[in-house]
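Structure first, then comments.
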Amino acid sequence: MQDTPLTLSAIFQHGRAVYGDSEVVTYEGDGEFRRATFAEVAKRAEQLACALARLGIERGDRVATFAWNTQEHLEAYLAVPAMGAVLHTLNIRLFPEQVAYIIDHAEDAIILVDDSLVPVLAPLVPQLRTVKHIIVIGRGDASAIPSALRYDELLVAERGGFAWPTLDERAAAAMCYTSGTTGHPKGVVYSHRSTYLHSLAACTTNSLGIGERDRILPIVPMFHANAWGLPYAGWFAGSDLVMPNRFMQPDALAQIIASERPTFAAAVPTIWSSLLACADRVDMDLSSLERIVCGGAAVPRSLMEAFDRRFGRRIIQAWGMTETSPIAALAIPPTGTPPEREMTYRMRTGRILSGVEARIVDDNGCELPADGTQVGEIEVRGPWITASYYRDPAPEKFDDGWLRTGDIGSLDPEGYLQITDRAKDVIKSGGEWISSVELENALAAHPDVVECAVIAVPDSRWSERPLACVVRKPGSTVLAEALRDFLAERVARWWLPERWSFVAEVPKTSVGKFDKKVLRARYAEGALVVAELS
Ligand code: AMP
């Protein structure tokens, strides 16, 4: 058989050649939508490649994006890897110091930034060592970055006709950083081959079943694990793409769904809960949605049932990680499942996809039987699972060619995973990580704090929120409000704990680490006195 490389250039050329009439729609707020065909987007991607090359971008150079889900972000998704450079999607919600660290670590040469996000990026610009150009998308005020170039002006100056190179399928195509439990975020580098195979997998019916008939609404941000692979899978399959831009509020999403009638949408549970919460107030027509995919955190049963009942629409639970490209498992019931048993399968975390292998290991690294009852750490391997982190060996994350996911759970004989706990102690709030270690480090800097541990506690709105358990210096009467104000100068606002508990000591494990399991259990039993700030 022929050995043509599996590259994003091939995906780009296929969508362009075969599905030129498919469309990309970007919401602009106030009921306004901007439309372009795949042919037009491809032309602009080509102009972007020309402009980036003129600015000095060569093969292997990193081009970062700091952007919402828009047509222009898709243009960068296509142009940057296809020209042989590496697309680095920066998470706009990280704390600024982390963003600066990541840009520096990845050695980004150019950043494409949405005009609405210029105020967030601008304060970091003086400390960026490797960035040569910043390109602003949109016509909004960019005076905070005086040297910035304008995306549209750069494109207008180019006629296209880029000489797309032949690429090695194992070369880097894109990268995304995941927040680790300890230390700095870790970079995952996707190859052309891994993304190509992930995109093909996303188009199979045991998986997301993406096809030309679909109109995809990727609500999951393009900076979160490639928007779960939807932009590439959709372009490859010729699906229309409906981009919500920065309009993540439930009213705006309801309007987008009602007027653009997507057949497929994907988002973390918090988004679907927020839509449900305003269903009494807002006219909600979800009838176009044939598939609603939900993952990134456990999907509450009540949410699935409410969608079934209220909208007659099914939520499909998915499991994956930045490290797994990310789709690795989907909770689709086996064919022939009687209706009364369906929810049992839908509530599982997901059935391992063709192409991915999973196993469960105990604390000693011994494989446990896949019997649906034995619980251990989930390990996965496959052609779209990362084999390492970028310039960060982290041997503890790998086990003889398998990725240690840090998720604890079981695997049954039909390939369904059930996550029961997380080995990691980070907090997942609204689908985004909050690092408990960073919060603890910041709090520990307060003169009245002896020690503190931050744990995740269930929250009806955000899935999880941080609870800070603090040991005060003897005689100190410092209040939770004061500690929160102290933290506010050091971490992102949405990280600030609402719940606080003053304890006599933080329980420790045998090796002297904070034993957060014990704290969680105490909280669950109601044994902690918790003050809740408004
Ligand atoms: P991220 O790399 O930010 O996508 O986070 C990946 C982590 O999110 C996984 O290791 C899980 O802990 C969690 N996660 C993703 N999907 C699910 C799910 N369906 N149920 C429970 N946890 C999930």
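For this structure, a couple of remarks:
- For the stretch 158-316, the solvent-accessible area of protein heavy atoms averages 35 Å² per residue (probe radius 1.4 Å; ligands and nucleic acids excluded).
- The trypsin sites (Lys or Arg not before Pro) of the stretch 388-481 that DSSP puts in a loop, and whose beta carbon has at most 11 other beta carbons within 10 Å, are 391, 461.
- In sequence order, calculated HN-Hα J values of the stretch 355-360 (Karplus, 6.51, -1.76, 1.60; Hz; x Gly/Pro): x, 10, 10, 9, 8, 10
- In order along the stretch 2-10, phi translates into HN-Hα couplings of 6, 10, 6, x, 8, 10, 6, 5, 5 Hz, rounded to whole numbers, per the Karplus curve 6.51 cos²θ - 1.76 cosθ + 1.60 with θ = phi - 60° and x for Gly and Pro.
- Filter on 428/517; 186/473; 397/517; 43/186; 186/516; 132/428 - keep pairs with C-alpha separation over 25 Å: 186/473; 43/186; 132/428
- Ellipticity estimate at 222 nm from DSSP helix runs (n ≥ 4, -39,500 (n - 2.57)) divided over the chain, nearest 500: -7500 deg cm²/dmol
- Theoretical FRET efficiency, 1/(1+(r/R0)^6), r = Cβ-Cβ of residue 170 and residue 399, R0 25 Å, to 0.05: 0.65
- Cleavage-rule hits, GluC sites (Glu not before Pro), the stretch 448-534, DSSP coil, Cβ neighbours within 10 Å at most 11: 489, 505
- Rounded Å value of the spacing that divides the Cα centres of the stretch 430-490 and the stretch 1-69: 42
- Residues whose amide H lies under 5 Å from that of residue 132, counting only those 5 or more places away or on a different chain, are 110; hydrogens are built 1.01 Å from N in the peptide plane.
- The stretch 400-534: C-alpha gyration tensor shape, a/c 1.5 cut-off, then a/b vs b/c: prolate
- Shape category assigned to the stretch 1-122 from the gyration tensor of Cα positions, a/c cut at 1.5: oblate
- DSSP-defined beta bridges in the chain - what % are antiparallel, rounded to 5: 60
- Angle between the chain longest axis and helix 96-106 axis [Cα atoms, degrees, rounded to 10]: 50
- Percentage relative contact order, the chain, counting C-alpha pairs under 8 Å, at least six apart: 10
- Estimated from the Cβ-Cβ distance and a Förster radius of 51 angstrom, the FRET efficiency linking residue 451 and residue 212 is about 0.35.
- Residue 407 long-range amide H proximity, modeled H, under 5 Å: 378, 423
- Within-15-Å neighbourhood charge of residue 195 [Cβ basis; K, R +1; D, E -1]: -1
- If you take the alpha carbon atoms of the stretch 81-226 and fit the smallest convex hull around them, that volume is 162 Å³ per residue.
- Prolate/oblate/rounded call for the stretch 335-386, Cα gyration tensor, a/c under 1.5 rounded: oblate
- Taking every Cα-Cα distance in the stretch 20-67 and sorting them into 5 Å bins starting at zero, the pair-distance distribution P(r) comes out as 5, 16, 17, 20, 18, 14, 7, 2, 0 percent.
- Here the accessible area of the stretch 174-256 is 49 percent carbon and sulfur, with a 1.4 angstrom probe and all protein chains present.
- The equivalent ellipsoid of the stretch 304-422 has semi-axes of 28, 16, 12 Å, largest first, where each one is the square root of 5 times an eigenvalue of the Cα gyration tensor.
- Loop-located trypsin sites (Lys or Arg not before Pro) in the stretch 162-250 whose Cβ has at most 14 other Cβ within 10 Å (DSSP): 170, 213
- Dividing the radius of gyration of the alpha carbons in the chain by their Kirkwood radius gives 0.96 for Rg/Rh.
- Principal-axis analysis of the Cα atoms of the chain puts helix 71-82 at an angle of about 80° to the longest axis.
- Couplings 3J(HN,Hα) for the stretch 249-260, derived from phi with the Karplus relation 6.51 cos²θ - 1.76 cosθ + 1.60 (θ = phi - 60°), are 6, x, 4, 5, 4, 4, 5, 4, 5, 5, 8, 9 Hz, where x marks Gly and Pro.
- Amide H within-cut-off set for residue 350, under 5 Å, with H built and near neighbours excluded: 417
The values are calculated or read from the model by the stated rules, or taken from the named source; none is laboratory data. Predicted model, so just to flag it, every value in this text is computed and none were measured. Cβ coordinates were reconstructed from backbone atoms using ideal geometry, including for glycine residues, and neighbour counts include every protein chain displayed. Keep in mind that these areas ignore ligands, DNA and RNA; they rest on the heavy atoms of the full protein, side chains included. Shrake-Rupley method; radii C 1.70, N 1.55, O 1.52, S 1.80 Å.
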